[in-house]
Amino acid sequence: MVVGVAYFHHQRKLRLRAHLMQEAIRNQDFTFRLPTNGLLPGERAMQETLNQLGSIIRQQVSQNEVESWERLTRVLTHEMMNATAPITSISQSMLNRTDVKGTPLEDGIRAIHDTSRHLSDFVANYRKMSELEKPVLKDILLRQMLDDICRAYPQVSWEINVPSGINVNADAGMLRQVLINLIKNAIEAEAQKIVITLINNEETSHNQSLSLYVGNDGMPIPAENRQSLFVPFFTTKRSGSGIGLSLSRRMMIQQGGMLELAEKPFEGCRAGFILSLQKT
């Protein structure tokens, strides 16, 4: 009788797990992580595989999004550059004419010229999304890179919880740029402290990847902006280009990694990001 009751409760828990995963996938939430405690060996292996599968699906979805934005950006920038280039050239020629200088026309033509130049510069930034060079992967001492970046930004305090012997397989220039982008964003959000720590979890301990948390105590990210952070053109800054985080994610994907917003900031932080990197 006792065995029968225990079996019934165990099966009910399994059905609940299946329901939770089904709802997560239906809502396109691939961040589900269900615990493996209390499961039989075969069930535990299956749950670990499903947890890892969620990560793989999430990465593939993010990669497809990045590639879609890249194709759109390539088309838009091409058309916009074709439209603005002659406007800039013609308006510049008009400004150099003696019969325009000092007349009421000069101010209007100069406004056209300045606006077209600004638009050209704006579009040039987005070309970076489709012109990234192929990454050159090599072994990198992660703690050494973090210490170098730390010394470059003495205006904030640092808490780095990464062992000195950790090596990752990445493009040094791209990885450094991603980290610097996150640090600059934090400083612009009035952060006084940067926290970088290695996340030890069940998933990363079974494969060749590791998760690095980069958080800060600056202004929190509004809930309504969380879904749009990695979308090109999106920015909450008055002078921002909206390219930093979307470009950073693309650089991480090219290295076989990922950049995501942390579901919940660590203690002492108001915002945080997670970088997935390949171990060596």
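The values are calculated or read from the model by the stated rules, or taken from the named source; none is laboratory data. None of the values given here were measured: they were computed from a predicted structure. A quick note on method: Cβ atoms are made from the backbone with ideal geometry, for glycine too, and the neighbour counts reach across all protein chains shown. These area figures cover heavy atoms from the full protein model, side chains too; ligands, DNA and RNA do not enter into them. Shrake-Rupley method; radii C 1.70, N 1.55, O 1.52, S 1.80 Å.
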Next item on the list: Report the label-to-label distance for Lys264 and Arg110 in nanometres (one decimal), using points 7 Å from each Cα along the Cα→Cβ vector.
Entry: 5.7 nm
Notebook entry, point to check: Between Asn161 and Met46, what is the spin-label point distance in nm, taking each point 7 Å from the Cα along the Cα→C-beta axis?
Noted result: 3.5 nm
Notebook entry, point to check: What is the spin-label model distance, in nm, from Cys150 to Lys184 if the labels are put 7 Å beyond Cα along the C-beta direction?
Noted result: 2.2 nm
Next item on the list: For Leu137, list long-range residues whose amide hydrogen, built 1.01 Å from N in the peptide plane, is under 5 Å from its own amide hydrogen.
Entry: none
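Order Asp171, Asp107, most accessible first, counting only protein heavy atoms with a 1.4 angstrom probe. Don't jump to the answer; show the numbers that get you there.
Numbers: Asp171 20, Asp107 115 Å².
I get Asp107, Asp171, largest accessible area first.
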Checklist line | J(HN,Hα) series, the stretch 172-185, from Karplus relation 6.51 cos²θ - 1.76 cosθ + 1.60, nearest Hz, glycine and proline x | finding: 4, x, 5, 4, 4, 5, 4, 4, 5, 4, 5, 5, 4, 4
